[in-house]
Amino acid sequence: MKNSPIYLISFLLLLSCAPKEKEAETLSSTSPETNLNNASMPDSVLRHVVLFGFKATSSQQDVDGIVAAFQALPSKITEIKGFEWGINSSPEGLNQGLTHAFTVTFHSDADRDTYIPHPAHKEFVTLLGPHLDKVTVIDYWTKK
């Protein structure tokens with residue numbers, strides 16, 4: 001029983017390091033999406049989903065430059081509330097030549113409508129144009 005105080009101290013130390021109930025809720029509800037301009041997300045957001053397929057003549061350097069330019073848009077357009085992207089990894093083979101997916105989040109139709117003609121977005125589209133083989137765009141309001 002000599003070690004009882006050590007076990008008790010160890011237990012209390014571990015207990016004090018565990019997240020509090022409120023902290024645990026916050027940690028478990030945190031979205032992987034980058035929330036750029038607001039501390040909290042509304043119940044429903046507008047997702048602008050863009051899928052690209054690049055021309056075979058475009059180099060990896062060209063594609064990387066386009067991705068970097070798209071990633072830079074949230075710092076140039078305050079109406080963008082979230083941004084994420086990735087490369088297709090589906091084993092189903094149904095991507096129809098579309099390889100890159102981007103999701104841009106807005107809090108209103110007006111924010112999206114400001115984004116589309118924004119000079120920074122137009123500059124991005126000009127950079128993208130010569131390398132774009134296929135594109136699909138869909139916007140939707142999230143539902144829970």
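The values are calculated or read from the model by the stated rules, or taken from the named source; none is laboratory data. None of these values were measured; they are calculated from a predicted model. Neighbour counts are summed over all protein chains in view; Cβ atoms, including those assigned to glycine, are modelled from backbone coordinates with ideal geometry.
Taking first residues from region 125-144 that are farther than 24 Å from residue 46 by Cβ and in contact (Cβ under 8 Å) with a residue 12 or more places away in the chain and partners that are surrounded by 11 or more Cβ atoms within 10 Å (Cβ to Cβ) and of a type in the set (Lys, Arg), the Cβ contacts under 7 Å between residues at least 6 apart in sequence or on separate chains come to 131/55; 133/55.
Is it true that residue 52 is outside any loop (DSSP other than H, G, I, E, B), in contact (Cβ under 8 Å) with a residue 60 or more places away in the chain and surrounded by 18 or more Cβ atoms within 10 Å (Cβ to Cβ)?
yes
Being among the aliphatic types (A, V, I, L, M) and over 29 Å from residue 144 (Cβ atoms) is a property that holds for residue 69. Filtering region 86-120 to residues that are farther than 14 Å from residue 53 by Cα and touching a Phe, Trp or Tyr at 6+ places or on another chain (Cβ under 6 Å) leaves 104, 112. Screening residue 101 against (1) exposed (fewer than 13 other Cβ atoms within 10 Å of the Cβ); (2) out of contact with any Ser or Thr (no Cβ under 9 Å at 6 or more places or on another chain); (3) among the hydrophobic types (A, V, I, L, M, F, W, C) leaves a single unmet condition, (1). Yes or no: residue 62 of a type outside the set (A, V, I, L, M), modelled with pLDDT of 50 or more and surrounded by 15 or more Cβ atoms within 10 Å (Cβ to Cβ)? Taking the combined requirement at face value, the residue satisfies it. Listed by first and then second residue, the pairs with beta-carbon distance under 6 Å, at least 6 apart or on different chains, first residue in region 61-84 and over 19 Å from residue 106 (Cα atoms), second among the small types (Gly, Ala, Ser), form an empty list.
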